[in-house]
Amino acid sequence: MCGIVGINGTTEVCFDILGALKRLEYRGYDSAGMATLSKGAFFRKRVPGKLIQLEEKIRACPLPGTVGIGHTRWATHGAPTEKNAHPLEGKHVVLAHNGIIENHEALRAQFSMDPFDSETDSEGIVHLLDAYRERGMPLSEAMSQLFQVLQGSYALAILFRDEPDTLIGARSGSPLVVGYGREGRLFLASDVVAFSDFCDEVTYLEEGDWVELKGAQATIHPDGGSGVVVRPRVPIGETMKVLTKEPYRHFMRKEIQEQPAVLRHLLTTLSDPLKKNTVAWASLSNLCIVACGTSFYAGCVAKYWFEKVARLSVRVEIASEFRYNHPALPLGTGALFVSQSGETADTLAALRFAKQQGIFCIGIVNVPESSLAREADVLWQTHSGVEVGVASTKAFTAQLAVLWHLVEEAAEQRKALSSEEKKTLDRAFQTLPEQVEEALLLDASLQKLAARFGHTTSALYLGRGALHPIAMEGALKLKEISYIHAEGYAAGELKHGPIALVEDALPIVVLSPYDALFPKTLSNIQEVLARRGQVILFTDPEGAEAVHSLSHRLHLYTLPQVSPIFAPIVYTIPMQLFAYHVAASRGTDVDQPRNLAKSVTVE
Ligand code: AGP
């Protein structure tokens with residue numbers, strides 16, 4: 001989603017701002033801009049579309065100044081046009097905003113005599129600050145006033161025309177980080193990744209903080225006030241620095257390939273939660289898992305595991321619905337929030353809602369410095385490293401591995417698992433990296449399959465039990481990056497409606513290892529073949545044997561024999577590879593698909 005960058009130094013900043021913005025591209029955006037302050041004047045360039053267009057403008061005419069801000073905008077209020085792109089400029093200020101100002105209409109009404117240049121919710125902030133400065137308010141008072149008036153969520157980077165060599169940041173509801181660069185340069189960004197090449201240490205601003213970056217000094221003011229607070233400087237993790245897709249064409253492809261290594265590393269860290277609290281699983285009567293998108297599907301797999309293995313009743317809720325659905329949360333309810341970014345606005349709001357109800361909140365995140373990581377009562381990290389591709393891959397399989405670890409912990413505490421069963425499952429769990437490696441060997445044949453089905457306009461994905469969420473995840477992957485309509489169904493649902501879609505051109509992806517339910521899925525396959533549909537079946541050697549003579553309309557892909565419990569992890573791999581190759585063959589923007597953002601920080 002939107003990205004903010006600010007740099008205050010002693011040398012020209014415009015090309016470094018551009019570099020930092022490029023590192024935020026992966027978050028998703030549809031317009032971009034930059035502004036600098038030099039000798040009491042603002043210089044500004046904005047473009048609709050991609051950073052390459054901004055770069056062309058900047059190279060043709062670089063912006064002067066040793067202090068500046070940049071922005072990549074993901075449109076919410078107002079189309080992705082030049083006039084709606086940030087930074088937004090007023091008489092006294094120029095600023096970039098992430099988040100949503102909920103009282104923007106009231107602000108427009110308040111300044112109805114002033115012309116507004118954009119359709120954004122953010123422009124009211126410019127008018128407010130201009131008005132404060134017109135009244136001669138000092139910087140600190142203007143910022144305090146701003147915090148009192150603004151409603152909604154915001155991270156801001158601001159330059160004041162009459163505050164030379166000063167960069168201001170403020171946060172409430174959207175993340176903002178200060179970076180300490182070499183040669184006394186100071187940085188501001190919504191994501192550490194933006195400046196991890198320039199800085200070794202950072203400070204994560206807290207809710208309600210605003211910061212003055214002046215000279216080589218960062219002064220942090222807490223609670224939207226004028227007091228001063230010292231917040232810790234922490235080193236930037238190594239994983240934040242590795243941001244190259246080499247030797248692959250896309251980050252997504254690289255991230256798919258990284259999964260065995262991520263799982264291997266994760267297996268060594270799982271017994272060590274990031275926050276040392278423990279979960280008293282035996283005291284819970286039920287668990288509510290809350291998440292969005294791919295993380296939601298991880299939660300759906302975990303529901304199946306928790307209920308089967310730990311005998312714990314689980315419901316899975318879509319985060320954007322949860323707090324508006326008046327959920328009944330009886331005594332003994334625990335809540336588990338799953339998020340790659342830890343900044344998804346819907347998931348964070350759901351966590352805050354649950355905390356208000358006095359519910360114990362467990363978090364699973366990939367970004368340890370995220371808001372969700374800070375606010376959960378107990379936390380596990382998925383240790384996948386930075387995931388750049390908007391389509392989540394390695395973070396998803398890592399979420400599943402962490403969720404499995406929690407299921408086992410719950411099963412042990414609830415005495416739902418014998419030591420023999422636990423040993424067998426542990427052994428199978430340890431072999432996952434090798435099995436994922438084996439699944440990755442399907443790459444070349446899936447590339448061929450993608451070439452064959454790359455022109456389809458629609459696809460169905462079917463799975464049963466814990467593979468039903470993987471069918472939905474496979475469909476989501478295809479939709480996200482190839483823009484082909486796809487739906488995931490429980491295989492048994494086929495005959496209740498979707499079968500009407502079956503025709504020669506429709507590929508139906510079926511996930512079915514040779515387990516107790518295989519014969520039932522086989523019947524569904526027969527139903528499709530009888531109607532001249534095309535089946536793409538992912539199964540194991542025994543399943544392959546059972547169908548080998550069925551029909552030339554059945555495209556068979558054999559995965560390794562895997563413990564039924566861990567099939568969701570292994571069967572995810574061909575879903576990712578197939579979607580990737582279809583998208584790559586169609587020439588879409590795989591890592592930054594249209595309209596999508598890596599982390600959705602607005603409701
Ligand atoms: C995954 O491919 C998607 N880009 C999206 O559904 C994502 O999983 C969702 O927005 C949740 O994000 P989070 O895990 O960072 O909370």
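The values are calculated or read from the model by the stated rules, or taken from the named source; none is laboratory data. This is a predicted model, so every value here is computed, not measured. Cβ: placed from backbone, ideal geometry, glycine included. Neighbour counts: every protein chain shown.
Looking at segment 146-165, can you tell me whether even one residue there is touching a Phe, Trp or Tyr at 6+ places or on another chain (Cβ under 9 Å), surrounded by fewer than 24 Cβ atoms within 10 Å (Cβ to Cβ) and among the hydroxyl-bearing types (Ser, Thr, Tyr)?
No, there is no match, as no residue in segment 146-165 is touching a Phe, Trp or Tyr at 6+ places or on another chain (Cβ under 9 Å), surrounded by fewer than 24 Cβ atoms within 10 Å (Cβ to Cβ) and among the hydroxyl-bearing types (Ser, Thr, Tyr).
Taking the options Ile525, Ile508, Ile499, name whichever one is assigned to a helix (DSSP H, G or I) and within 34 Å of the chain's Cα centre (by Cα).
It is Ile499.
Just a yes or no: is a residue in segment 345-353 over 27 Å from Gly385 (Cα atoms), modelled with pLDDT of 95 or more and among the hydrophobic types (A, V, I, L, M, F, W, C)?
There is at least one residue in segment 345-353 that is over 27 Å from Gly385 (Cα atoms), modelled with pLDDT of 95 or more and among the hydrophobic types (A, V, I, L, M, F, W, C).
Being in contact (Cβ under 8 Å) with a residue 12 or more places away in the chain, among the aromatic types (Phe, Trp, Tyr), surrounded by 16 or more Cβ atoms within 10 Å (Cβ to Cβ) and within 18 Å of Glu487 (Cα to Cα) narrows it down to one residue among Tyr580, Tyr514; which is it?
Criteria check complete, one pass: Tyr580.
Is it fair to say Gly124 is more than 17 Å from Ile69 (Cα to Cα), at pLDDT 95 or above, assigned by TED's automatic domain parsing to the domain that holds Arg73 and surrounded by 20 or more Cβ atoms within 10 Å (Cβ to Cβ)?
Considered against the rule, which asks whether it is more than 17 Å from Ile69 (Cα to Cα), at pLDDT 95 or above, assigned by TED's automatic domain parsing to the domain that holds Arg73 and surrounded by 20 or more Cβ atoms within 10 Å (Cβ to Cβ), Gly124 comes out as yes.
Is there a residue being among the basic types (Lys, Arg), on the phi < 0 side of the Ramachandran plot and touching a Lys or Arg at 6+ places or on another chain (Cβ under 9 Å) anywhere in segment 45-56?
Checked against the condition, which is being among the basic types (Lys, Arg), on the phi < 0 side of the Ramachandran plot and touching a Lys or Arg at 6+ places or on another chain (Cβ under 9 Å), segment 45-56 yields at least one hit.
What tally of residues in segment 304-331 results from selecting those that are part of a loop (DSSP other than H, G, I, E, B) and modelled with pLDDT of 95 or more?
Within segment 304-331, residues that are part of a loop (DSSP other than H, G, I, E, B) and modelled with pLDDT of 95 or more number 3.
Within segment 218-229, identify whether any single residue is in contact (Cβ under 8 Å) with a residue 24 or more places away in the chain and within 25 Å of Pro64 (Cα to Cα), and answer yes or no.
Checked against the condition, which is being in contact (Cβ under 8 Å) with a residue 24 or more places away in the chain and within 25 Å of Pro64 (Cα to Cα), segment 218-229 yields at least one hit.
With the checklist (1) touching a residue at least 40 places away in the same chain (Cβ under 8 Å); (2) touching a strand residue (DSSP E or B) at 6+ places or on another chain (Cβ under 9 Å); (3) of a type in the set (Phe, Trp, Tyr) in hand, flag the one item Phe43 doesn't pass.
All conditions are met except number (1).
Kindly indicate which of Gly28, Gly3 is buried (at least 19 other Cβ atoms within 10 Å of the Cβ), under 22 Å from His104 (Cα atoms), in contact with a Leu (Cβ under 7 Å, 6 or more places away or on another chain) and in contact (Cβ under 8 Å) with a residue 24 or more places away in the chain.
Of the residues listed, the single one that is buried (at least 19 other Cβ atoms within 10 Å of the Cβ), under 22 Å from His104 (Cα atoms), in contact with a Leu (Cβ under 7 Å, 6 or more places away or on another chain) and in contact (Cβ under 8 Å) with a residue 24 or more places away in the chain is Gly3.
Kindly list, by first and then second residue, each pair from a residue in segment 307-321 that is without any contact (Cβ under 8 Å) to a residue 12 or more places away in the chain and farther than 17 Å from Ala350 by Cα to a residue that is away from the ligand (no atom under 16 Å from the Cβ) and of a type in the set (S, T, N, Q), limited to pairs with Cβ atoms under 7 Å and residues at least 6 apart or on different chains.
From segment 307-321, the pairs are Glu307/Ser313.
How about segment 320-354: which of its residues are under 22 Å from Val402 (Cα atoms) and not aliphatic (A, V, I, L, M)?
Thr333, Gly334, Phe337, Ser339, Gln340, Ser341, Gly342, Glu343, Thr344, Asp346, Thr347
Just to be sure I understand, how many residues within segment 38-52 are assigned to a helix (DSSP H, G or I) and buried (at least 16 other Cβ atoms within 10 Å of the Cβ)?
Qualifying residue count, segment 38-52: 1.
Quick check: is even one residue across segment 344-362 assigned to a strand (DSSP E or B) and either within 11 Å of the ligand (Cβ to nearest atom) or touching a Cys at 6+ places or on another chain (Cβ under 8 Å) (or both)?
Among the residues of segment 344-362, not one is assigned to a strand (DSSP E or B) and either within 11 Å of the ligand (Cβ to nearest atom) or touching a Cys at 6+ places or on another chain (Cβ under 8 Å) (or both), which makes the answer no.
Which one of the conditions (1) within 22 Å of Leu517 (Cβ to Cβ); (2) in a helix (DSSP H, G or I); (3) away from the ligand (no atom under 16 Å from the Cβ); (4) touching a Ser or Thr at 6+ places or on another chain (Cβ under 8 Å) does Glu493 fail to meet, given that it meets all the rest?
So the condition that Glu493 fails would be (4).
To keep it simple, each residue is scored yes or no on (1) outside the structural domain of Val262 (by TED's automatic domain parsing); (2) within 28 Å of Gln430 (Cβ to Cβ); (3) aliphatic (A, V, I, L, M); (4) in contact with a helix residue (DSSP H, G or I) (Cβ under 6 Å, 6 or more places away or on another chain).
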site	(1), (2), (3), (4)
Pro507	yes, no, no, yes
Ala516	yes, yes, yes, no
Thr521	yes, no, no, yes
Thr539	yes, yes, no, no
Glu545	yes, yes, no, no
His555	yes, no, no, no
Ile565	yes, yes, yes, no
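Which one is surrounded by the most Cβ atoms within 10 Å (Cβ to Cβ) among residues in segment 332-343 that are away from the ligand (no atom under 14 Å from the Cβ) and not in a loop (DSSP other than H, G, I, E, B)?
Looking at the filtered set, the residue picked out is Ala335.
Looking at Ile481, is it within 16 Å of the ligand (Cβ to nearest atom), in contact with a Leu (Cβ under 8 Å, 6 or more places away or on another chain) and assigned to a helix (DSSP H, G or I)?
No.
Where in segment 365-464 are the helices (runs of 4 or more DSSP H), entirely inside, with at least 1 residues that are surrounded by fewer than 21 Cβ atoms within 10 Å (Cβ to Cβ) and within 16 Å of the ligand (Cβ to nearest atom)?
371-375
How many residues are under 12 Å from Gly181 (Cα atoms) and surrounded by fewer than 18 Cβ atoms within 10 Å (Cβ to Cβ) when one looks only at segment 193-210?
3
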